[in-house]
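The values are calculated or read from the model by the stated rules, or taken from the named source; none is laboratory data. All values reported here derive from a predicted model rather than from experimental measurement. When we count neighbours, we look across all protein chains shown, and the Cβ atoms used for this are built from the backbone with ideal geometry, even at glycine. These accessible areas exclude ligands, DNA and RNA; they are computed on the full protein's heavy atoms, side chains included. Shrake-Rupley method; radii C 1.70, N 1.55, O 1.52, S 1.80 Å.
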Amino acid sequence: MATAAVAMEVHSFVFSAHSCHAPFTPRNSSSSSSSSSCGSYSSGSVASSKLALKQSEFHRGQREFVVSSTSRASAVGSGKQSGGVRSQAQVTQREVGKVKKEDKDGSSDGEDPFKALSQVCAVLGTQWGDEGKGKLVDILAQRYDIVARCQGGANAGHTIYNDEGVKFALHLVPSGILNMQAICVVGNGVVVHLPGFFKEIDGLEAQGVLCTGRLFVSDRAHLLFDLHQTVDGLREAELGGDMIGTTKRGIGPCYASKAIRNGLRVGDLRHMDTFRSKLEILFKDAANRFKDFEYNDSVLDAEVENYKKFAKRLEPYIADTVQYISNAYTVGKRILIEGGQATMLDVDFGTYPFVTSSNPSVGGICTGLGISPKRLGDIIGVAKAYTTRVGAGPFPTELHGDQGEALRVAGHEFGTTTGRPRRCGWLDIVALNYVCTINGFTALNLTKLDVLSGLSEVKIGVTYRNADGIQIRSFPSDLSVLEQVQVDYEVLPGWNKDITNVRSYQELPVEAQRYVERIEELVGLPIHYIGVGPGRDALIVKV
């Protein structure tokens, strides 16, 4: 068949023939459990020659990929088969492929259960955020070529650890940044506070993690200014006792600017001749709305000067990420999507108004990256083995007093972004089933199972009842109803064994296995990944 030369604006990062792209088998009644250390990789910097990236090539599209029509059809076709229809991903039996993988001795063969994850895979939160999504993204990133954020802003805090146990707290930069072979994308649905973004980059590069040439920001992403943060604080103060409990990072006001169409986008940094007049509109709006917001020409001029400097520094990072991701998909590159926050904070589906200002559910992927729904494959929902939330809002399974405090301390439940203590409670199956319905998850990642060790019993909230004792059949949108629900619990025996060093499902205490399997029964989905500690290797793979 004739060879077709396809000119692509896709960047030529290096693909290793030994990269861990190995499959897993969906859970069924006859499948046995397996374990995996999930591999490892170094987070140190690598030679620029290994990156094989020229920023000018990225922007000018000078790089050509020569793809035979056969291989091109195969790449696109396989993406559609495994990733185009979510129902196929849910029902297709996948054979675990044997791949050469180093063990601790660097010598043995093993199974990588991740290879059959689809060409486009998403990791989304199922609760009120802080579920530990970043850890799974960090692990999966070594199997993917591109890791992308699609919504939210610096209010999304992800804590991950490298192989040496070094802690990284990320807010805007995708968690895949620790995989030096991956390209990270901040999509058009994200709101970007440039001072914080540069601070994060500086911190990463100070620890040996190269960002330049590996991190790109959509020219369509909206800019979050300091004034948005000021407005956020003024808005919360105005609400008084009815405050939402935001992070005061300016996320809501920035999305409000976007919605009323007077926001500034990353692409506006390339037109500094009109930048001042556009920014002044934002200042005037804030001053008209809040009497305590004050500014003058010198304040505005100073901010413009700051952004002239920011524009020069950001230029190498700016890209048309919609076209970039589309081209990458077409030539068979693997794309991992990292959600921020979680569905129970979704502006449409969450406990409104105690929500974030974007869509952390599956729809936010398409609008925040420009990816067609047909291209989505595996969608992994991440849930803690219990439930937490930060800030105000209803929380039906919340534990008060000593029990709640014990969970908070054992789980180190303090916000990555704000340091605020998280409210803690039992796992809420009603909310989890609601979220599974919305997102169409193909599997779950249950995190922090180790935190429940030592409890004599563990509870699962399985049904809601109203004040009259009548079962509520769906998750209520009416907060006055939600705040008064009575929760029915199933009580299961706890376990005393420390499971932080367990790496095989069969090695878990029988009581812990029963807890996991009961959750699977209640939500009708397999739990393929179980977190038993903060480290990268503290993950049990159950397929």
| message | Restricting to the stretch 451-476, name every residue that is surrounded by 13 or more Cβ atoms within 10 Å (Cβ to Cβ) and among the aliphatic types (A, V, I, L, M). | response | 451, 452, 455, 458, 460, 462, 472
| message | Looking for something charged (D, E, K, R), more than 13 Å from residue 427 (Cβ to Cβ) and touching a residue at least 40 places away in the same chain (Cβ under 8 Å) - is there at least one such residue anywhere in the stretch 474-481? | response | no
| request: Working only within the stretch 107-146, note down all residues that are assigned to a strand (DSSP E or B) and in contact with a Pro (Cβ under 8 Å, 6 or more places away or on another chain). | output: 124, 125
| query | Looking at residue 536, is it touching a residue at least 40 places away in the same chain (Cβ under 8 Å), open to solvent by 50 Å² or more (accessible area, probe 1.4 Å), under 20 Å from residue 132 (Cα atoms) and among the basic types (Lys, Arg)? | reply | no
| query | Which pairs have Cβ atoms under 8 Å, sit 6 or more apart or on different chains, and link a residue in the stretch 260-282 that is without any contact (Cβ under 8 Å) to a residue 40 or more places away in the chain to one that is buried (at least 19 other Cβ atoms within 10 Å of the Cβ)? | reply | 262/282; 272/307; 275/264; 275/269; 275/307; 278/264
| message | If I filter the stretch 435-452 for residues that are in contact with a His (Cβ under 6 Å, 6 or more places away or on another chain) and either part of a loop (DSSP other than H, G, I, E, B) or among the aliphatic types (A, V, I, L, M) (or both), do I get at least one hit? | response | yes
| task | Would you mind listing the strands (runs of 3 or more DSSP E) fully within the stretch 158-203 where at least 1 residues are open to solvent by 10 Å² or more (accessible area, probe 1.4 Å) and either touching a Gly at 6+ places or on another chain (Cβ under 9 Å) or among the basic types (Lys, Arg) (or both)? | result | 158-161, 167-170
| Unique match (being over 30 Å from residue 119 (Cβ atoms), of a type in the set (Asp, Glu) and out of contact with any Gly (no Cβ under 7 Å at 6 or more places or on another chain)) among 297, 320, 232 | 297
| request: Can you confirm whether the stretch 352-359 contains a residue that is touching a residue at least 60 places away in the same chain (Cβ under 8 Å), among the polar types (S, T, N, Q), part of a loop (DSSP other than H, G, I, E, B) and in contact with a Pro (Cβ under 9 Å, 6 or more places away or on another chain)? | output: yes
| message | Name the single residue that is most open to solvent (accessible area, probe 1.4 Å) among those in the stretch 227-275 being modelled with pLDDT of 90 or more and in a loop (DSSP other than H, G, I, E, B). | response | 261
| field | Pairs with Cβ under 6 Å, 6+ apart, first in the stretch 148-173 and more than 18 Å from residue 221 (Cβ to Cβ), second buried (at least 24 other Cβ atoms within 10 Å of the Cβ) and of a type in the set (Asp, Glu) | value | 160/138
| query | If the Cβ limit is 7 Å and pairs must be 6+ apart or interchain, which residue in the stretch 109-137 that is of a type in the set (Phe, Trp, Tyr) pairs with which residue that is part of a strand (DSSP E or B)? | reply | 128/388; 128/389
| said: Being hydroxyl-bearing (Ser, Thr, Tyr) and more than 27 Å from the chain's Cα centre (by Cα) is the requirement here; does residue 464 meet it? | reply: yes
| Filter result for the condition that a residue is in a helix (DSSP H, G or I), among the aliphatic types (A, V, I, L, M) and over 19 Å from residue 343 (Cα atoms), over 431, 467, 512 | 512
| said: Restricting to the stretch 148-157, give me the number of residues that are assigned to a loop (DSSP other than H, G, I, E, B) and under 20 Å from residue 447 (Cβ atoms). | reply: 3
| query | Of the conditions (1) open to solvent by 30 Å² or more (accessible area, probe 1.4 Å); (2) touching a Cys at 6+ places or on another chain (Cβ under 7 Å), residue 413 fails just one. Which one is it? | reply | (1)
| request: For the stretch 392-414, indicate whether the set of residues that are of a type in the set (D, E, K, R), farther than 25 Å from residue 337 by Cβ, touching a helix residue (DSSP H, G or I) at 6+ places or on another chain (Cβ under 9 Å) and touching a residue at least 40 places away in the same chain (Cβ under 8 Å) is non-empty. | output: yes
| query | So residue 301 clears everything in (1) in contact (Cβ under 8 Å) with a residue 40 or more places away in the chain; (2) outside any loop (DSSP other than H, G, I, E, B); (3) surrounded by fewer than 17 Cβ atoms within 10 Å (Cβ to Cβ) except one condition, right? Which one? | reply | (1)
| For the stretch 477-496, what are the residues that are aliphatic (A, V, I, L, M) and open to solvent by less than 50 Å² (accessible area, probe 1.4 Å)? | 479, 482, 485, 487, 492
| request: For residue 402, work out the one condition from (1) open to solvent by 30 Å² or more (accessible area, probe 1.4 Å); (2) modelled with pLDDT of 95 or more; (3) charged (D, E, K, R) it doesn't fulfil. | output: (2)
| task | Give me a count of the residues in the stretch 304-336 that are in contact with a His (Cβ under 9 Å, 6 or more places away or on another chain) and either among the hydroxyl-bearing types (Ser, Thr, Tyr) or outside any helix (DSSP H, G or I) (or both). | result | 5
| query | So which residues in the stretch 360-389 are open to solvent by 10 Å² or more (accessible area, probe 1.4 Å), over 12 Å from the mean Cα position of the chain (by Cα) and either closer than 30 Å to residue 413 by Cα or of a type in the set (A, V, I, L, M, F, W, C) (or both), if there are any at all? | reply | 363, 366, 371
